[in-house]
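Following: one structure in structure tokens, then a few remarks.
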Amino acid sequence: MTTHAFRSLLGLVVLFLGLAAPADAGGPLALRASGQPFRWPNGGLMIPFNPDQGGLGPLNNAQAIAQTTAAFAAWEAIPSASATHVNAGTLAVDVDETNFVPFLNATAPDGLSAIVYDEDGAIFDLLFGPDSGVLGFAGPEWLNPATGEIIEGFSFMNGGSLLGMNAFPVAEFLSVQVHEFGHYQNLAHTVVNGQAAGFGDTTGPTPFDTFPRPASFANRIETMYPFLFVNGGMATPHADDIAFFSFLYPEPTFASSTGTITGRIRAPNNTTPVTGVNVIARNIANPYDDAVSAISSDFAVSYAPGQPFVGVYTLRGLTPGASYAVFVDTILEGGFSTPPRSPLPAPL
């Protein structure tokens, strides 16, 4: 039996470093059962994708496919992960606003994992309205609950954002594709450094700036943050992205060569588990480059108290022997597969 994946059209949006755009926090997009995320089969070896026949804004088809291939390669380059990717052949049609529905809402698996290039943005205008700022969306499409495997994925890219007077930089669109292909492989959004860079969040538990702010957050913003920072270096996965991706598709030594911290967030009564609290661990010696996050209950299917994994968080990929500051933080903006808790429960 197969099942259609839950489809959220939360898209990636843009910010400039100093400004930001939205995208779709930690944990998986789709769970087979509590504690069991869906994964592409065989450790992610040879994950297929089927690119569109058309162009992407000013990019012709060959250039668009080259950027897609480079985006998948960014995930494949992670040494602690086993996933690889293969172009399984182009789609049979050039997908546009007249024929996109079967690729967005397929009625059955068709053997295709479509990467749709909305050349002029007409599809995104229909879905989100003109000038929405949404750059792309993606995720698993068909799932096998019996095996926990992803059967097919999908992604839509907004070429219209690359056209006109306020066009998004073409080279920076690589970051969009890398982000969306994180979703394609069942990564959800994360919050580690992005809020501090773009929304004035503190670097430690509110109201404390525990760690001195860096001169620049460039190349320190997590790829899976739900807003894209232009010139933020988000095409290269951050330690937070690497940790969860390596958990989903691990090389044999990943678990034994890294540390984890697991706990449960409880209400001030010290009994009731709390869902949607972002937990961040920062290496005291390297607080922005070696930092990871998790959202409480991100592995829970039901958020009712007493159900498995409710209130639980796990921080992965930690450096052995390092000292970390661990704190909770409110998620300020963005769309997440685990509902954020805001405000956080106050002390009794």
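Could you order the peptides 203-215, 321-333, 240-252 from most to least packed, using the average number of other C-beta atoms within 10 Å per residue?
Averaged packing, sorted descending, gives the order 240-252, 321-333, 203-215.
Grab the other residues whose beta carbon is less than 14 angstrom from that of Tyr313, score K and R as +1, D and E as -1, and report the net.
My count for the surroundings of Tyr313 gives +1.
Through the Karplus equation 6.51 cos²θ - 1.76 cosθ + 1.60, θ set to phi - 60°, convert the phi angles of region 240-253 into ³J(HN,Hα) values in whole Hz; use x for Gly and Pro.
These are the phi-based 3J(HN,Hα) values: 5, 5, 4, 4, 6, 4, 6, 5, 5, 10, x, 5, x, 9 Hz.
What do you reckon, how do Thr90, Thr223 stack up by accessible area (1.4 Å probe), largest on top?
Listed by decreasing accessible area, they come as Thr90, Thr223.
Can you compute the label reach from Ala88? Point 7 Å from Cα along the Cβ direction, backbone N cut-off under 13 Å, restricted to region 150-179.
150-155
As a test of the definition: which semi-axes, in Å, follow for region 168-280 when you take the square root of five times each eigenvalue of its alpha carbon gyration tensor? Largest first, please.
Whole-Å semi-axes of the equivalent ellipsoid: 25, 21, 14.
Go from 0 up to the bin containing the longest alpha carbon distance in region 245-348, width 10 Å each, and give me the % of pairs per bin.
All Cα pairs considered, the percentages come to 15, 41, 34, 9, 0.
Could you give the nm distance between label points at Asn42 and Ile284, where each point is 7 Å from its Cα heading toward the beta carbon?
4.6 nm
Multiply the residue gap between Ala73 and Asn269 by 0.36 nm, knock off their C-alpha separation, and tell me the result in nm, one decimal place.
65.9 nm
With the dipole of the chain worked out from charges on the C-beta (+1 for Lys and Arg, -1 for Asp and Glu) around the Cα centre, which of Thr272, Leu112, Gln63 lies farthest toward the positive end?
About the Cα centre, the residue reaching furthest to the positive side is Thr272.
Roll a 1.4 Å probe over the protein heavy atoms and report the accessible area of Glu141 in Å², nearest 10.
10 Å²
Under unit Cβ charges (Lys, Arg +1; Asp, Glu -1), what dipole magnitude, rounded to 20 debye, does region 104-184 have relative to its Cα centre?
The calculation lands at about 120 debye.
So if I take the alpha carbon set of region 80-142, get Rg, then get Rh from the Kirkwood formula, what is the Rg over Rh ratio?
1.00
Given the alpha-carbon gyration tensor of region 257-316, what are the semi-axes of its equivalent ellipsoid in whole angstrom, ordered largest first, with each equal to the square root of 5 times an eigenvalue?
In descending order the semi-axes read 24, 12, 9 Å.
Once you order the gyration tensor axes a ≥ b ≥ c over the Cα atoms, which shape class does region 249-292 get: rounded for a/c under 1.5, otherwise prolate or oblate by comparing a/b with b/c?
Since a/c reaches 1.5 but b/c is at least a/b, the shape of region 249-292 is classed as oblate.
Calculated from DSSP H runs of 4 or more alone, at -39500 (n - 2.57) each and per residue, what is the 222 nm mean residue ellipticity of the chain, nearest 500?
Rounded to the nearest 500, it is -4500 deg cm²/dmol.
Mind computing the radius of gyration and Dmax over the alpha-carbon atoms of region 27-102? Å is fine for both.
According to the Cα coordinates of region 27-102, Rg and Dmax are 15.2, 43 Å.
Work out how far the C-alpha atoms of region 217-303 reach from end to end along every principal axis, then list the three figures in whole Å, largest first.
Largest to smallest, the principal-axis extents are 43, 33, 29 Å.
Order Val292, Val312, Val301, most accessible first, counting only protein heavy atoms with a 1.4 angstrom probe.
The residues order as Val301, Val312, Val292, largest area first.
Name the residues whose placed amide hydrogens come within less than 5 Å of the amide hydrogen of Leu228, ignoring near sequence neighbours (fewer than 5 apart) on the same chain.
Result for Leu228 returns Val13, Val14, Leu15, Ala21, Ala23.
For the chain, what is the Kirkwood estimate of the hydrodynamic radius, computed as the reciprocal of the mean inverse distance between distinct Cα atoms, to one decimal in Å?
Here the Kirkwood hydrodynamic radius works out to 20.2 Å.
The values are calculated or read from the model by the stated rules, or taken from the named source; none is laboratory data. This structure is a prediction, so every number in the text was calculated from the model and none was measured. So basically every Cβ, Gly included, is an ideal-geometry build from the backbone, and we count neighbours across all protein chains shown. Accessible surface is based on the protein model in full, side chains and every heavy atom, while ligands, DNA and RNA are left aside. Shrake-Rupley method; radii C 1.70, N 1.55, O 1.52, S 1.80 Å.
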